[in-house]
Amino acid sequence: MPAPFIDLGVHHKPRGFSDRVAFGFTKALRWCADTFFAERYGHRAVVLETVAAVPGMVGATINHLACLRRMCDDKGWIKTLMDEAENERMHLMTFIEISKPTLFERAVIIGVQWVFYLFFFALYLVSSKTAHRVVGYFEEEAVISYTHYLTEIDEGRSDNVPAPEIAKKYWDLPDSATLRDVVLVVRADEAHHRDVNHGYANELAGLPVGTVAECPPHVALEPTWKQAA
């Protein structure tokens, strides 16, 4: 099944101090990624998808605990954020098969994950709106990066290798699927997360939520108790 159409021009214009902080922080991290990885988009994806899987789990955890304390409904936020975290983790597992991380990159992943987890957890406690806006801007940059990756593939600077089996199973891709097909569905996933998180930030700010890009269909990962049933 082809990846759904996404609007590559979506950008939330910063409004107020909170948005400007989120946008500036995202641009600073983008500069670090561009400096460290340059055009090595496969290796960039491995490290950045490790970080990208953190916010969803942090948001789900804090919202879960908040709903328990307040004895209220979560309006579907917890499951949505956990699905986002799982989806980003599957991106990581896919790109590990394509671009084998070096020992140095694995060390960077461990350090960056701990630092970012602690930072994002604290940020979410202080301002969940800013935290979701940060993720929305992260995903905007991810869409841009994967668009550049597609250009690299189309212009022959990156090999269009066969898609890993894990990607074929997760997104139900055909046997003939290639890296380009994988990047297309991953980019569509990121566009979906972009709109969801900007929508959550808008909701917390009392603004219109807006439209959400279609998420590519993928196989639901069943818990172990269902697999054993």
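The values are calculated or read from the model by the stated rules, or taken from the named source; none is laboratory data. Just so you know, these numbers come straight off a predicted model, no measurement behind them. Here Cβ is always computed from backbone atoms with ideal geometry, including for glycine, and neighbour counts include all displayed protein chains.
Some points to look at:
- Residue list for the stretch 80-129, restricted to those being small (Gly, Ala, Ser), more than 22 Å from Val183 (Cβ to Cβ) and out of contact with any Ser or Thr (no Cβ under 8 Å at 6 or more places or on another chain): Ala107, Gly111, Ala122, Ser128
- Pick from the stretch 1-21, criterion surrounded by 17 or more Cβ atoms within 10 Å (Cβ to Cβ) and either more than 16 Å from His132 (Cβ to Cβ) or under 16 Å from the mean Cα position of the chain (by Cα) (or both), ranking: modelled with the lowest pLDDT: Ala3
- Test: residue in the stretch 201-211 that is surrounded by 14 or more Cβ atoms within 10 Å (Cβ to Cβ), within 28 Å of Ser99 (Cα to Cα), out of contact with any strand residue (DSSP E or B) (no Cβ under 6 Å at 6 or more places or on another chain) and of a type in the set (Gly, Ala, Ser): no
- Taking the conditions (1) surrounded by fewer than 19 Cβ atoms within 10 Å (Cβ to Cβ); (2) modelled with pLDDT of 95 or more in turn, Val185 satisfies each one other than (1).
- Which listed residue, of Arg89, Arg69, is charged (D, E, K, R) and closer than 24 Å to Phe25 by Cβ: Arg89
- Among residues of the stretch 191-223, those that are under 18 Å from Ala85 (Cα atoms), in a helix (DSSP H, G or I) and of a type outside the set (A, V, I, L, M), counted: 8
- Complete set of residues in the stretch 54-78 that are part of a helix (DSSP H, G or I) and surrounded by fewer than 17 Cβ atoms within 10 Å (Cβ to Cβ): Thr61, His64, Leu65, Ala66, Cys67, Leu68, Arg69, Arg70
- Within the set Ile98, Ile109, the sole residue that is in contact with a Pro (Cβ under 9 Å, 6 or more places away or on another chain), touching a residue at least 24 places away in the same chain (Cβ under 8 Å) and surrounded by fewer than 20 Cβ atoms within 10 Å (Cβ to Cβ) turns out to be Ile109.
- If the condition is being among the β-branched types (Val, Ile, Thr) and outside any helix (DSSP H, G or I), then the stretch 177-190 contributes only Thr178.
- Scanning the stretch 144-169 for residues that are assigned to a helix (DSSP H, G or I) and either among the β-branched types (Val, Ile, Thr) or under 22 Å from the mean Cα position of the chain (by Cα) (or both) yields a total of 15.
- Restricting the stretch 30-67 to residues that are of a type in the set (Ser, Thr, Tyr) and in contact with a helix residue (DSSP H, G or I) (Cβ under 9 Å, 6 or more places away or on another chain) leaves a set whose member that is modelled with the lowest pLDDT is Tyr41.
- Any chance Arg187 is within 21 Å of Glu88 (Cβ to Cβ), touching a residue at least 24 places away in the same chain (Cβ under 8 Å) and not polar (S, T, N, Q): yes
- From the list Leu103, Leu123, the lone residue that is free of Cβ contacts under 8 Å to residues at least 12 places away in the same chain and touching a helix residue (DSSP H, G or I) at 6+ places or on another chain (Cβ under 9 Å) is Leu123.
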